[in-house]
Amino acid sequence: LLGSSFPEITFPDDIPMGKENIKKALDGQIDFIEMEKRYIRKDVEIIWARVSSSLIRDSEDNPLYFISHIIDITERKDVLEKIKLQRYHQQVILNAAPFYVWFKDTKNNFIRVNKAAAQLSNRTVEEVEGKSADIIFPEESESYFKDDLEVINSGKSKIGIVETATTNGNKFWVRTDKIPWYDENGKIAGVVVFALDISELKKAEETIKNERNQAQKYLDIAGVM
């Protein structure tokens, strides 16, 4: 290794980044270099490393050499990539669901949502995740959270809740199932919610109800006559 240059052992795509950081340090733009980059081992295996470098100067402020601390983070990067891929697959499944799905924590914040649920408030998934329900559904947030807390405190699901949701001033009906979800330690971390838009069903029920009432009026009139 002694006598080799960093470009010789650096993954080609990461060489420009390294050269740019070295130039900034030599020009006095930065005092400390910290980056993640890939190296090529003697056995041609590619590894990830976190590099921290300090530029040492002489008494007249002329650059002498870099002292670098390099840590192999390949295993951590592999785990992160697997988590990223797993999350991507989960999101694909969530988005394919024919209903609204979201995970909320014990403080009424959205942790995960599918695309359909985000579109309820004309937002993207990224704009909803991490936000409080008070922001996303301000009109119904309090009543929603009341049911959430019942599930969180009891550990028992609530199934078949019929309630309304309001977005952009438009109110519609949903049938909601709320189930507790647990963290890696087995503690309840919040609720996972499955909601189905039943607005058309409610309209049909209202139509049938009105028709029955109208028919009953005719029967009452006929009975009097």
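The values are calculated or read from the model by the stated rules, or taken from the named source; none is laboratory data. Note that the structure is predicted; figures quoted are calculated from it, not measured. Every residue, glycine as well, gets a Cβ built from its backbone with ideal geometry; the counts of neighbours run over all protein chains shown. Note: accessible area is taken over every heavy atom of the protein model, side chains too, but ligands, DNA and RNA are not part of it. Shrake-Rupley method; radii C 1.70, N 1.55, O 1.52, S 1.80 Å.
Does I71 count as under 18 Å from L1 (Cβ atoms), modelled with pLDDT of 90 or more, open to solvent by 80 Å² or more (accessible area, probe 1.4 Å) and in a strand (DSSP E or B)?
In short, no.
Name every residue in the range 57-101 that is under 17 Å from the mean Cα position of the chain (by Cα) and acidic (D, E), in order of residue number.
If the condition is that a residue be under 17 Å from the mean Cα position of the chain (by Cα) and acidic (D, E), then E81 is the only one that fits.
Can you name every residue in the range 95-122 that is surrounded by 15 or more Cβ atoms within 10 Å (Cβ to Cβ), part of a helix (DSSP H, G or I) and among the hydrophobic types (A, V, I, L, M, F, W, C)?
A116, A117, A118
When the range 41-68 is examined, which residues are found to be of a type in the set (D, E, K, R) and either open to solvent by less than 80 Å² (accessible area, probe 1.4 Å) or assigned to a strand (DSSP E or B) (or both)?
R50, R57, D58
Of all residues in the range 163-196, count the ones that are touching a Ser or Thr at 6+ places or on another chain (Cβ under 9 Å), charged (D, E, K, R) and either open to solvent by 90 Å² or more (accessible area, probe 1.4 Å) or outside any strand (DSSP E or B) (or both).
Total satisfying the criteria: 1.
Answer yes if at least one residue in the range 173-183 is out of contact with any helix residue (DSSP H, G or I) (no Cβ under 7 Å at 6 or more places or on another chain), closer than 24 Å to P98 by Cβ and in contact (Cβ under 8 Å) with a residue 60 or more places away in the chain, and no otherwise.
Within the range 173-183, one or more residues are out of contact with any helix residue (DSSP H, G or I) (no Cβ under 7 Å at 6 or more places or on another chain), closer than 24 Å to P98 by Cβ and in contact (Cβ under 8 Å) with a residue 60 or more places away in the chain.
Counting only residues that are touching a residue at least 24 places away in the same chain (Cβ under 8 Å) and in a helix (DSSP H, G or I), which one in the range 197-213 is surrounded by the most Cβ atoms within 10 Å (Cβ to Cβ)?
Within the range 197-213, the match that is surrounded by the most Cβ atoms within 10 Å (Cβ to Cβ) is K202.
Does the range 24-35 include one or more residues that are free of Cβ contacts under 8 Å to residues at least 12 places away in the same chain and either touching a Leu at 6+ places or on another chain (Cβ under 7 Å) or in a helix (DSSP H, G or I) (or both)?
yes
Going through K115, K104 one at a time, which residue ends up being touching a residue at least 40 places away in the same chain (Cβ under 8 Å) and under 19 Å from D177 (Cα atoms)?
K104
Scan the range 139-161 for residues that are within 21 Å of Q119 (Cβ to Cβ) and open to solvent by 60 Å² or more (accessible area, probe 1.4 Å) and jot them down.
Within the range 139-161, just E139 meets the criteria.
Any residue that is hydroxyl-bearing (S, T, Y) and either surrounded by 12 or more Cβ atoms within 10 Å (Cβ to Cβ) or not in a helix (DSSP H, G or I) (or both) - is there at least one of those in the range 75-94?
For the range 75-94, residues hydroxyl-bearing (S, T, Y) and either surrounded by 12 or more Cβ atoms within 10 Å (Cβ to Cβ) or not in a helix (DSSP H, G or I) (or both): absent.
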